[in-house]
Structures are given as C-alpha cells and as structure tokens.
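Notes to accompany the following structure.
Coordinate-derived values only; no laboratory data. Note that this is a predicted model, so its numbers are computed, not measured. Glycine also receives a Cβ, built like all others from the backbone with ideal geometry; neighbour counts cover every protein chain displayed.
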Amino acid sequence: MGAPPAGSSAARPLLPQTTRTMPRSEPDPYRLQLERLEAWARYEPRPHSRSAEKLAPLRALLERLGQPQRGGRVVHIAGTNGKGTVAEMLNRLLLARGLSTGLYTSPHLVDIRERIRIGGALISRDAFTRGTAAVLDEAMRMPEREGLSYFDLLTAIGFVAFRGAGTEWRVLETGLGGTADATNVSDKDLCVLTPIGHDHAEVLGEELKAIARQKMGIVSPGTPAVLGKQPEELADWMAGELERQASRAIQGAGIAIVIAGDDPEAVRLRWPGGPEVVVPLPRFLQTGPRLDGAATALTALDTLFGTPTGPAEAAARARTALETPLPGRLQVLENVALASPPETAFERLVLDGAHNPEALEALARHLARWKISGYTLLFAMLRDKMVDRAAEPLRSILAGAERIVGVALPFSRAPRPAELQAYLEALRPPGGAGPVPVAPPAEALAMAAGEPERPVVAAGSLWMIGELMRLLVLPPVAPEPGGAAPAPQ
C-alpha cells in the first residue's frame, strides 16, 4: 500500500483535530490513548509475514476482553485491489436495508477513526478512547504482548466497538494478507475475494497463485465466497480451490455493468436472468474499479438476501453501490481550494492512492480515457513498491505530465529524496526539463499551486493522499456520529 500498511510499524502520524483547547492540567484522554497506540507501532519496523499460529497472542487478548469478535453476522473481504471499495459499498447496501453495521477498513486517510465506523459514521472519540484504553490495558498485562502488532490492537479495538454498539452486521476488510490477518479470528457468513495483484511480494510472494492462496485463507469450509473479477490465470483455479475446501464459489462478475450507449452519463446493469436497469452516473465516476466493485458488492448482497424483485429495487441497489463516496481512489475533483491561502483553487485535481502495478495501470488507463494530460504530477512511493512491474504503467503516467514533483515520505521504508528523484527521472520521457524536485507534501502542493489552472494528479501513496487532503477544502471522508453522510463525489 502507498500508506504504510496496517500492521506495519511505520504507522502514519496520528494527528487528530481536537474540538477544544485543553488546559495543560487536563490532558486530552483521546490524545493520550492515541499516543499509547502509536508507541506500540514502533515495535514493528516493516510489514512482515507470519503463520496462522502467530494469531495466538491476539486470540489470548480477545479472550481477556470477553471474545468481542463473536456476535453479529460477518462479511470478510480480502484481495489486493478493490477490497476497500467493496467494503464501503456493501456497508452502504446493508445500511440501506435498515440494518445496523460496523465497518472495519484500513488504512485511514485523515483520521484514524475512519478505520472503525458505526452505522456509516466515524466511531465517536469517547468510544474510541474507551475501547483503546480497555484493549491496551489488557494487552499490557499479557506476558506475550510483544507478539501483538499495531494492526492486531486496532482490530481488537474495532471488535470492542462493534460489541458496544450492538451491530447486527460487521464488514471486515483484511489488512495485508488473509490466512494470518488479524481480522481472520471471527466466524463469518460470507467471504469476498477482490482482484488479486502484485503487492507485498516480500511478504506474500511473487507468484499470483501464492498471493491468492494467502488471501483465500479467510474462507472457512462451508462458507460461501464471492469472487470479484480476477486475472484470467486465477479465476477458474481459485473457484476450483474453494470448491475443494467445500466452500461455494460465486462469480461476482455475473452482474454486468456497462456504460449506457445512448447516455454517456449513465450505466446499464443486468442481473443474470433478472432485471436490467439504467442509472445515472457522472463520467468521472465510471471507473473500472468502481463498476467492478459494485458488481461484486451487489453479488454479495444478492447472496445474503436474494436478487432484486424488480427494476425499482434493482435500480435502488445499483445507485446505492455506484454512488458510494470513495475518497482517494480515482477521485476527480474540480475547483478545489487550498485551506490556506483560500484564494488558490485547482481547476481539476485527481487523487489516487495507486501504489502497485495493477492500480497504476488503472490510473494510466483512466487518465487517457478522460483525456487528462499536461498535468502536474505529485508522486510518492515506498522503496519496496519500486519494482519492475510498476515501471511501465508509471512511465505512461509520467509521459502525460507537463511537470513532475516527487513527494518525500517520512518513513524508513521510503526512498531518500535523491533515490526517488533518480527513479522518476529514469522513467520519464527523454528530454525532461531539468531535475525532478522532491519535497514534503505541503511544499509539493504549493509548487502545484503556482499553476492552479493546470490539472494536478496525485498518486503513488495513500499516506500522501491523506496529507494532501488535510491541506485542501474537501468534504469529510465519513461523517461524525449523528452527522450527515458525505455527499457523493
């Protein structure tokens, strides 16, 4: 992941905003618990592989906490690309049915509470503070506490929050893998496997089948599994492997979603043997990942509750999935103001945390389709993401840029500024004007603000996207408890 993956010690800086200024004699309990949690992250210098047996410390912690992972119905989602998209969409589909939900995702962009949502809203600060204190207090009493990862602790906090809220459904997104992922400790009603791609090779392996086998580790015998659109070499093999485990494999690509030929601002959906509907969708939301994710999320809902009974219900479900806000994922924004100085506004801004070869390919493809070129490119990347497979799609993205600015990341896994500069200069088209500057996020955005009429494309790291979002006037990623839902993009 572009952002330090969940479970790594290079967890992003935690900079939550407070609602009031606290006197020195009255420390903010929320900040105190965040500092305790952040300190735990330093135990882990990099993403790492572990066997399923290494879940034992987390299971022991959950035992001490009264087994909060039990209770409610669970949809568990794993994959390389699109699992966050499907999780967000499915959560909205469940909410639209009047069900109470808990959503657990990673990483976060602006506020750590994005990872734990109750009923679509951020977990409250008070609930997060209480849950974190309970989890960390128990963890500190454990002799095996050093076996607990940062992501283990966050997952336990999520389970405690869901139990406290009494959620009927829990939608869980894995962090890095599957088999030994912290989320893989609960029973589940349905599993979803989104597209498998090349990422975290140092942990999951180089071969797609090896990566897929790790991701499929979330599926228990007898559990139905929805398969999102997979690479050709994997689709039939994954279905066969799941059936061998006595699990029912359901192809999530069964629902066809295509751009409506007679209306470029709409899409057509067709259920196998069921209704066909056309729903409005702005062209910048008509991305492959969004359409594929919607087909998978809708198939998951059908598996749980049955297919739509008619066109009206089908259209309502389709709109709910397709209009789900997906900040930082092929997100196109127009007339976006800087928070300071507010008089500066970008005419067009593309935010995409693409950080593996398949995601970079999707970004390059959509920039060409949208005819967005001559842009200022703000690009960041972790050192272990700078692999040969990423070079070709990145070369295409660099070729469309009029100006390139590297963005420095404050992590041990990040390349030094000179390394990132050399990497980008080697891949850009010959004859690029001068060296590529590398700067922290705020300075890089200020450079782009010098020509606000030029499109800006920011990509390569979800952590960078989150930092840029702090500097811009944007709707919140998710509402506060009791607040209105974020507007569609």
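A few remarks follow.
- Note on region 29-252: Cα convex hull, mean projected area over all directions, 11.6 nm².
- Two-decimal Rg to Rh for region 245-384 - Kirkwood Rh, Cα set: 1.04
- Peptide packing: for 271-278, 257-264, the average count of neighbouring Cβ atoms within 10 Å per residue gives the ranking 271-278, 257-264, highest mean first.
- Coupling constants for region 257-264 follow from the phi torsions by the Karplus curve (6.51 cos²θ - 1.76 cosθ + 1.60, θ = phi - 60°), and in residue order they are 10, 9, 5, 5, x, 8, 8, x Hz; glycine and proline get x.
- Sequence-ordered 3J(HN,Hα) estimates for region 166-178 from the Karplus curve with 6.51, -1.76 and 1.60 and θ = phi - 60° stand at x, 5, 6, 10, 10, 10, 10, 9, 5, x, 10, x, x Hz, glycine and proline given as x.
- 3J(HN,Hα) along region 232-247: 3, 6, 9, 3, 5, 5, 5, 4, x, 5, 5, 5, 5, 7, 6, 10 Hz, from the Karplus curve 6.51 cos²θ - 1.76 cosθ + 1.60 with θ = phi - 60°, whole Hz, x for Gly and Pro.
- Pairs beyond 21 Å (Cα-Cα), from K188/K215; K188/K385; K83/K385; K83/K209; K229/K385; K54/K385: K188/K385; K229/K385; K54/K385
- Here the sum of -39500 (n - 2.57) over DSSP H runs of 4 or more residues, divided by the residues of the chain, equals -11000 deg cm²/dmol at 222 nm, to the nearest 500.
- Shape category assigned to region 360-440 from the gyration tensor of Cα positions, a/c cut at 1.5: prolate
- Long-range HN-HN contacts of R73 with modeled amide H, under 5 Å: W169, R170
- Cβ-to-Cβ counts within 10 Å put M386, M89 in ascending order as M386, M89, the fewest first.
- Under a 5 Å amide H cut-off, with hydrogens placed 1.01 Å from N, G197 pairs with T80, N81 among residues at least 5 apart or on other chains.
- For the peptides 221-232, 364-375, the ranking by packing is 221-232, 364-375, with the highest mean count of neighbouring Cβ atoms within 10 Å listed first.
- Distant-in-sequence amide H partners of V457 (H built 1.01 Å from N, under 5 Å): V350, T376, L377, L378
- E443 paired with D187, simple spin-label distance in nm, labels 7 Å along Cα-to-beta-carbon: 5.6
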